[in-house]
Amino acid sequence: MKIYGVALLAGCYLLGKLMGDVLGIWIGVDGNVGGVGFAMALLILVNTYLQNRKLIDPPTESGLLFWSAMYIPIVVAMSATQNVKAALTGGWVALLVGVFATLACFLLVPVLSKIGKAPSENS
């Protein structure tokens, strides 16, 4: 039932794009701000929610896993369409945001590594 994975991916993409457009308007930028990231976060949250509540059957779950794995190349392709020249000429703000996001990811590695461990491993 990979079609459900496609529907979930499309829904997350459209909602993420809408959120990015709204954020761009809100902060006064003429463009989408973080739409791809919002879409990825939504896909992860919805997929986890459905799995935890056991609301999906195994064929549907395999479709979701397939499209979750396919989402990374899709994100790379969508990111390639962003205006890189404007980001580079944007000055220090773009650089600071990139540095901040990278540092936040490094700081979250220990937290995320504890999430996947079994309770006996945490002791």
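Readers should treat all values here as calculations from the given coordinates under stated rules, not as data from a laboratory. Small disclaimer: the values here were computed from a predicted structure and weren't measured. Backbone-built Cβ (ideal geometry, glycine too); neighbour counts: all protein chains shown.
Residue order for I56, I115, fewest other beta carbons within 10 angstrom first, comes to I115, I56. Residue exposure proxy: V97, V111, ordered by other Cβ atoms within 10 angstrom of their Cβ from fewest to most, comes out as V111, V97. For the stretch 14-56, the list of trypsin sites (Lys or Arg not before Pro) that fall in a loop by DSSP and count at most 10 other C-beta atoms within 10 angstrom reads R53, K54. Remark: relative contact order (the stretch 1-48) = 38 percent; criterion is Cα-Cα distance under 8 angstrom and separation of 6 or more residues. The modelled label-to-label distance between L18 and L45, using points 7 Å beyond Cα along the C-beta direction, is 1.4 nm.
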